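Reading through the structure tokens given below for one structure.
The values are calculated or read from the model by the stated rules, or taken from the named source; none is laboratory data. Predicted, not measured: the structure shown is a model, and the values here were computed from it. Virtual Cβ from ideal backbone geometry, glycine too; neighbours counted across all protein chains shown.
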């Protein structure tokens, strides 16, 4: 059988693909975690086109799966902090587990939740009392991973003078963002965009997974057998509590 992102038989026992698109993972990587290699390759390609430098401040706009992966990957570059700007307070604990140092509710970009101290949501990982208090921008690098016009506008506003902005989200055909052009020019911002992945990005993510440098398991917050696909879609539409990746398990019982 043949398959692919544009073909059928995605749940088949076997598929035939060209050898050059096969990437070998260590036996220590679970199949569930391996299923996150594709969004990780998307985020990795975007980040490595203009990567954070050690000691820089990084912001991620968005709190969905790709945003959480992007924040986790950004931590590999030894930034001073990684601050997530999201819409759902319930994502703060999951973000902390993946290395985010502060979670801020978007909008006025206020109400930061410092993820280093007490009062964390259940399951959050603290970073010790020495961590700096959460605060808004400016940031050296801003990664937009929400896919809305408002997220693009927020990302540009968060960047420092001379900073960089990477656009990763898809907002939908015809959606436009409004931002002050003079501010972008006067602040000497570098704005880039990234779509999908490359074979090299896949290979690099496979290496990161196999070596244990990244761990994507905490992102899998929901898992359903195939016959409960309607419950899976409900979890996507109306999440109760933290929601990362919702998985349909096609493994025979």
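Return only the number of the condition from (1) outside any helix (DSSP H, G or I); (2) closer than 27 Å to residue 46 by Cα; (3) touching a helix residue (DSSP H, G or I) at 6+ places or on another chain (Cβ under 8 Å) that residue 195 does not satisfy.
In the conditions (1) outside any helix (DSSP H, G or I); (2) closer than 27 Å to residue 46 by Cα; (3) touching a helix residue (DSSP H, G or I) at 6+ places or on another chain (Cβ under 8 Å), residue 195 misses (3) alone.
Does the range 165-181 hold any residues that are over 13 Å from residue 149 (Cβ atoms) and either crowded, with 17+ Cβ neighbours inside 10 Å or modelled with pLDDT under 90 (or both), and which are they? Don't jump to the end; show me each part of the working.
Residues of the range 165-181 over 13 Å from residue 149 (Cβ atoms): 165-166, 168, 180-181.
165, 166, 168, 180, listed by residue number.
Considering only the range 172-189, I want to know if a residue exists there that is assigned to a strand (DSSP E or B) and within 22 Å of the chain's Cα centre (by Cα). Can you show your working first?
Filtering the range 172-189 for residues assigned to a strand (DSSP E or B) gives none.
No; the residues of the range 172-189 include none that is assigned to a strand (DSSP E or B) and within 22 Å of the chain's Cα centre (by Cα).
In the range 213-248, how many are in a strand (DSSP E or B), in contact (Cβ under 8 Å) with a residue 60 or more places away in the chain and under 14 Å from residue 34 (Cα atoms)?
Initially, the range 213-248 is screened for residues in a strand (DSSP E or B), giving 220-225, 245-248.
Filter once more, so that each one left must be in contact (Cβ under 8 Å) with a residue 60 or more places away in the chain: 220-221, 223, 245, 247.
Next cut, under 14 Å from residue 34 (Cα atoms) only: 220, 245, 247.
Qualifying residue count for the region: 3.
Determine if the range 216-225 includes at least one residue that is over 17 Å from residue 98 (Cβ atoms) and either under 20 Å from the mean Cα position of the chain (by Cα) or surrounded by fewer than 17 Cβ atoms within 10 Å (Cβ to Cβ) (or both). Break it down stepwise before answering.
To start, the set of residues in the range 216-225 that are over 17 Å from residue 98 (Cβ atoms) comprises 223-225.
If we keep only those that are either under 20 Å from the mean Cα position of the chain (by Cα) or surrounded by fewer than 17 Cβ atoms within 10 Å (Cβ to Cβ) (or both) too, we end up with 223, 225.
Yes, some residue in the range 216-225 is over 17 Å from residue 98 (Cβ atoms) and either under 20 Å from the mean Cα position of the chain (by Cα) or surrounded by fewer than 17 Cβ atoms within 10 Å (Cβ to Cβ) (or both).
Table: residues versus (1) in contact (Cβ under 8 Å) with a residue 12 or more places away in the chain; (2) farther than 24 Å from residue 72 by Cα.
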site: 144; (1), (2): yes, no
site: 148; (1), (2): yes, no
site: 153; (1), (2): yes, no
site: 158; (1), (2): yes, no
site: 164; (1), (2): yes, no
site: 167; (1), (2): yes, no
site: 174; (1), (2): no, yes
site: 177; (1), (2): yes, yes
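Being touching a residue at least 12 places away in the same chain (Cβ under 8 Å) and surrounded by fewer than 23 Cβ atoms within 10 Å (Cβ to Cβ): is that true of residue 103 here? Give the steps one after another, and end with the answer.
On the way: touching a residue at least 12 places away in the same chain (Cβ under 8 Å): yes; surrounded by fewer than 23 Cβ atoms within 10 Å (Cβ to Cβ): no.
No, not satisfied.
Can you tell which of 104, 97, 153 is modelled with pLDDT of 90 or more and under 15 Å from residue 57 (Cα atoms)? First the steps, then the outcome.
On the way: 97 fails: under 15 Å from residue 57 (Cα atoms); 153 fails: under 15 Å from residue 57 (Cα atoms).
Of the residues listed, the single one that is modelled with pLDDT of 90 or more and under 15 Å from residue 57 (Cα atoms) is 104.
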